[in-house]
Structures are given as structure tokens and as C-alpha cells.
Amino acid sequence: MNVPNNIMQNVQGFEIPKVEAWIGQNVSYLKPPFNWKKLEGGHSNLTYMLSDSEGVSAVIRRPPLGKLLPKAHDMSREWALISNLAPTGFPVPKPLGFCDDLDVTGALFYVMGFSEGKPLHSKKEASDSIKLEDRVILAHSFIDTLALLHSLDPDAIGLGELGRKEDYIGRQVKTWYRSWMASIEPANYDDQRAHDLQEYFISSKPEQQTASVVHGDYGFHNCLIGADAKVSAVVDWEISSLGDPLADLAYTLKSWPEEPDDASSQLDLPSSCEGLPLRKELVDRYQKLTKLNVDELDFYFGFNHWKSAAIIHGVYARYRAGQKSTDGIDLDEIKGRIDASLSAADFCIKRYKER
């Protein structure tokens, strides 16, 4: 009895013979057959490392199995981003091939080069992976990479049609306030601060200085860090769009310590690792590289904390509604994170008003 190769290798979502045949015809860089190794992470997209007989490696990526929400797990969007960013010298994996033929394996997929390096998910992981004397190098590379992304002209690099450019904050507030409102009943939880802040964001949002490619989830968890402590590649572009670069910057730095002993330094995050510069140094470095005015950054920090509250509120609502298993889940802890995010948003906006 012949056992299909994808079952032998425990591969989900890919018809290996058809996919390898397609790669053989369309990606000269690789020579099938491959050894397939599942890579974890990546917003539940099915991601595997492919290694051929000559030791050449690449990565293949497709959406998860099952019914998907509209626009979720958009492989063509990710492909557009890495294939247009790569020629600029921005650190992304090398784009190798995109398949839009659903007959091959039932979903869009793309193949990209394998980038050396690893993401950092926790304070301990950062401490164990990056030597103390290299941590300033790490932080500078991290913020310089984001500044480079925001300095690229979307129209000039072929990404001008990625999405709407104007009123990014207004559109984001509308989206996440709708999420908050929809979650109130199933969560059996509301907080007046969420509504007061929403009104403030709409009435007082700063004028958007420019429109850049915004990653949407830029952090150490979506950067591959090489042996030199520098960013070797930025990954997971599926929620990227065009918009206000300061919103992207504030998302990235909202939990970065402002002082050596502030609350953020106690969080289990790579940015809390000993030896990293404080937030102001990174903001100043970003400002010098992008020439953007960062005087109103507290507004953007407040918005991002409020957005986090809305996201966690939605998660809490799904647990309370029985849509997700609560085995091993501390619902009070999740509810506490909603309160903490709203408190952080309130703090930033009060400081912004007093500036």
C-alpha cells in the first residue's frame, strides 16, 4: 500500500506532489523533492520550511484550513508586500514564487527564501539569545528597520494601491469601537472609559503627516534576529496596510520602558530585557531618520492602548459566550488586562492634553 507523501511527512494543507511539481516548474532556485518541516507562529497560517537534496532551504505559506473571514489570511497581500519591498533593500525574505491556481492545492500560496535568525517572544528569550553588549545594537537595528519602512514612498515602490491612505486613525477607531460595542453583551462587561476615549480620538485626532506602509504588528516576535543582533528579515505582513506611520511606531513602543524601573520593565517582553535603551532614545532616533514630528506621540500611545483593550474585550467576549474553551484560562486575568489597557490609554491621553 502506497502512503501519500504528505501523510508520511505529516503535512497539512498541501498536496505535496502537485505543489512540488509547481515549484519545480516555477522556482528555479529549488530542486524538489523536499523535506517538509512545520514552522510555528505566523497567525495560524500553515508555514513549512522546505529543504531540497542540495541543502537549499525555503519557506512555503498558505492560509489555515477551514472557512475564513473575508480578507483574512490574504496570501496575495503578503506576496505583494515582500515582492515589492525586497528590491528596495528592506529586509524581507527573498520572494521566490506565488501560486494563484487553486487546482494545485486548494488555496493561494507563496514561496520565499529562508532567512537566518529567530524571533524573540519573551524577556528570557531575549536575555538568553542576545549578549548584554549587543543589546543596543539590537534596539537600534529594530527601530532603524521600522524607520526605513516608514520612509519608503508606497507609490514609488508599487504599493500605492495597497489600501486607503487618508484618515488612518479615524478608520481604525471606527473598526475597533464597533468591535467593542459588539462585545459588550456577550462579555457582560462595559467600561465608560472606552466610550469617552473613542469620542476624544474622533474629535481630537492629529493631522496625519504622511501615508506609509504600516506593518500593523511590528515587534520582536515578527522580526528575525541574526547572529549579529540585527534584524535579518521582517515577516508576517498579512495585516499591513497604508496609513499613519506614527500609529505603527506607537504600537511598537507602547510597552517599551520609559524609565528603568517603570511598570513596562516588569513585563515578560523582549523590550523589558536589561541593557536595552529606553523609549525616548528610540523615538529620537526614529525622528532623526524619518524627519517626522513626534510631538503628539502620546495621542498615538493612548489610541494603541485603547485598541488593545478592544481586542482583549473581544477575546474575553468569545470566552464568555462559550465560543472558545476556557480550560486553563483565567478569565479574571483577561478582564484585568482590559482594565489595565484602558488605564494606560487614559494616562497617555491625560499626559497628551497637559503637554
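Every number in this text was worked out from the coordinates using simple rules, so none of it is lab data. None of these values were measured; they are calculated from a predicted model. Here the Cβ positions follow ideal geometry from the backbone for every residue, glycine too, while neighbour counts run over all protein chains shown.
Details
- The chain - share of DSSP beta bridges that are antiparallel (%, nearest 5): 100
- Extension gain, residue 21-residue 329: 0.36 nm per intervening residue step, less the Cα-Cα distance, totals 106.5 nm.
- Applying 0.36 nm per residue to the separation of residue 293 and residue 144 and subtracting their alpha-carbon distance, the gain on full extension is 52.0 nm.
- Ordering of 55-61, 79-85 by burial proxy (mean other Cβ atoms within 10 Å per residue, highest first): 79-85, 55-61
- Vicinal HN-Hα couplings computed from phi for segment 56-64 (Karplus, 6.51 cos²θ - 1.76 cosθ + 1.60; Hz; Gly/Pro x): 7, 10, 8, 10, 10, 9, 9, x, x
- Cα shape, segment 136-290, gyration tensor, a/c 1.5 rule: oblate
- Working from Cα pairs under 8 Å separated by at least six residues, relative contact order for segment 5-113 is 23 percent.
- Whole-Hz ³J(HN,Hα) from phi, Karplus 6.51 cos²θ - 1.76 cosθ + 1.60, for segment 237-251, glycine and proline x: 9, 5, 9, 5, 7, 9, x, 7, x, 5, 5, 5, 4, 5, 4
- Most fluctuating residue given options 286, 48, 200, as computed from a GNM of the chain linking Cα atoms under 10 Å: 200
- Angle in degrees between helix 75-85 and the longest Cα principal axis of the chain, rounded to the nearest 10: 80
- Measuring between their Cα centroids, segment 14-31 and segment 114-152 lie 33 Å from each other.
- Under Karplus coefficients 6.51, -1.76 and 1.60, residue-wise ³J(HN,Hα) of segment 341-355 in Hz, glycine/proline x: 5, 5, 5, 5, 4, 4, 4, 5, 6, 4, 5, 5, 5, 8, 4
- Three-way shape call for the chain based on the alpha-carbon gyration tensor, with the a/c threshold at 1.5: prolate
- Above-threshold pairs, the threshold being 26 Å between Cα atoms, out of 230/350; 118/174; 123/280: 230/350; 118/174
- Cα-based shape type of segment 237-322, given that a ≥ b ≥ c are square roots of the gyration tensor eigenvalues and the cut on a/c is 1.5: oblate
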